[in-house]
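Have a look at the structure below, then the notes.
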Amino acid sequence: MNKESSIIPTVYQAGYEKARTDNAGVAANYVKHTLVGDPAADAVVKALTPFDQTQVHRFIHAGMEQQEDVLRDAPPALVDFFERVSVPPSWFDPTKLLPGMVAYHQNSDLFIAAHVAGVLVEGFATTISKPFFMTGRLTDYGIRRLQQNNRHLIEICMPGGLERHGDGWKLSVRIRLIHAQLRHLLRNSEDWDADAWGMPISAAQMAFASSAFSALLLKKCEMLGVRLDKAARDGFMDIWRYTAWLFGVPEEILFHNYDEAMELCRVGFTCEPPPDVESILMANGLINSAPLIVGASGPARRRFVKFVYRISRALIGDELADQLRFPRQRTTGILLLMQWQRRFQKLQERLVPGLAHSRHAKNFTTLLERSLMDHMGISYRLPDHISADKASPW
């Protein structure tokens, strides 16, 4: 082991040695950021520690809504955080996002399928599964977690959603602060082994997730039959580049385009250890939660689970599916069938005026129904316990 790898968390050392022979720069940058959190958001969480949930919600809500009268009583770290995050980086151009937003909503059914059966499964095959498993947010609250993921994706892809007062902007910043709070709880837990695992919900993991939710998602969508032009692909990548910035991903590991994001996913996955028991439980729990989102129960639920497993295996490949202990299934022809189904739909839409509008409207309505937030709107309370079943409502 060389001197450089001796400071790398132990679970990443073997993968890093392999990845550095392929792309040393990206590999070194990735493992470096396994030790990095989010200093700005972490400072906010630390400053909010003395306050109860009601006060935390009040202060964060005031920051989101720019309520200066309330912010006068808020911790300076929170005020400074919102001042900084309210100013977009110089490279952000909102005029380029629309083609990506339109593409998402025109193909939302396959985007969600690729997201759940492909991208999220591959994501949980990494060490990000460990903090989420420890919190129980997916295993115990799978439906709600998937609804929140869907809702966030909808909102960042809505016109105006990433503007300062848009729900996509607010939900992205909310996720960042929740991650910071979970990071604080995990770092102070006897169960977290920093020498082995590095920083919980690290900058490397968030960079990987943002790259996966953008570039890897586009790749999975193409496998299911979605065909996008360059403007749509670039627009979707720009949506997620800005979202990743709102998540707190540092500029030095933030992708610029599709190719960079795919390379980060590839090299990052090589640096990651093989899936462990947490990954296996999280990935299988995710797929078994998916039918509950669409209201499937009884025999219909079992059929739906079997179908999602089959699609997932086709999207992630047999090797990873076997590592995750997915049931053995034949996947020959399933992706080709879905691609032909999408082509047939597009042909119908060209031949029957108004059919495309009706189908897209139905998809959007269904997506909203499966992704509703609480009737009280967005909550800005933060978890006060690692275990979801012991935490106060938030």
Check your understanding: In this structure, is R241 in a helix (DSSP H, G or I) and not small (G, A, S)?
Key -> yes
Point to revise | Verdict on G235 being small (G, A, S), more than 22 Å from A40 (Cβ to Cβ) and at pLDDT 95 or above | key: yes
**Study point:** Condition check for A261: assigned to a helix (DSSP H, G or I), modelled with pLDDT under 95 and among the small types (G, A, S)
**Key:** no
Check your understanding: Which of the residues that make up the range 248-266 are more than 30 Å from P327 (Cβ to Cβ) and buried (at least 22 other Cβ atoms within 10 Å of the Cβ)?
Key -> G248, V249, I253, L254, F255, A261, L264
**Study point:** Elements of type helices (runs of 4 or more DSSP H) contained in the range 276-394, each with 1 or more residues being modelled with pLDDT of 90 or more
**Key:** 277-293, 298-316, 318-323, 334-351
Exercise for review: Would you please list the contacts, defined by Cβ atoms under 8 Å and residues six or more apart or on different chains, that run from a residue in the range 145-159 that is modelled with pLDDT of 85 or more to a residue that is surrounded by fewer than 19 Cβ atoms within 10 Å (Cβ to Cβ) and of a type in the set (G, A, S)?
Suggested key: E155/G166; M158/G166
Revision key, fill the gap. Of the conditions (1) among the β-branched types (V, I, T); (2) under 21 Å from P88 (Cα atoms); (3) in a loop (DSSP other than H, G, I, E, B), the single one that I201 does not satisfy is (2)
Study note, to complete from the structure: Of (1) at pLDDT below 90; (2) among the aliphatic types (A, V, I, L, M); (3) under 18 Å from F208 (Cβ atoms), A114 fails just (1)
Check your understanding: So which helices (runs of 4 or more DSSP H) stay within the range 1-77 end to end and still have 1 or more residues that are under 26 Å from I128 (Cβ atoms) and either touching a Phe, Trp or Tyr at 6+ places or on another chain (Cβ under 6 Å) or touching a residue at least 40 places away in the same chain (Cβ under 8 Å) (or both)?
Key -> 10-19, 24-32, 39-48, 53-65
Exercise for review: Determine whether L228 is closer than 26 Å to L336 by Cα, part of a loop (DSSP other than H, G, I, E, B) and either modelled with pLDDT of 95 or more or hydroxyl-bearing (S, T, Y) (or both).
Suggested key: yes
Review point. Taking the range 78-126, which residues are polar (S, T, N, Q), within 20 Å of the chain's Cα centre (by Cα) and assigned to a loop (DSSP other than H, G, I, E, B)?
Key: N107, T126
**Study point:** Residue match in the range 36-50 (condition: surrounded by 18 or more Cβ atoms within 10 Å (Cβ to Cβ) and more than 23 Å from A209 (Cβ to Cβ))
**Key:** yes
Review point. How about the range 175-208: which of its residues are among the basic types (K, R) and within 13 Å of the chain's Cα centre (by Cα)?
Key: R176
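The values are calculated or read from the model by the stated rules, or taken from the named source; none is laboratory data. What you are looking at is a predicted structure, and each value in this text was computed from that prediction instead of being measured. Cβ sites come from the backbone with ideal geometry, for glycine too, and all protein chains shown count toward neighbours.
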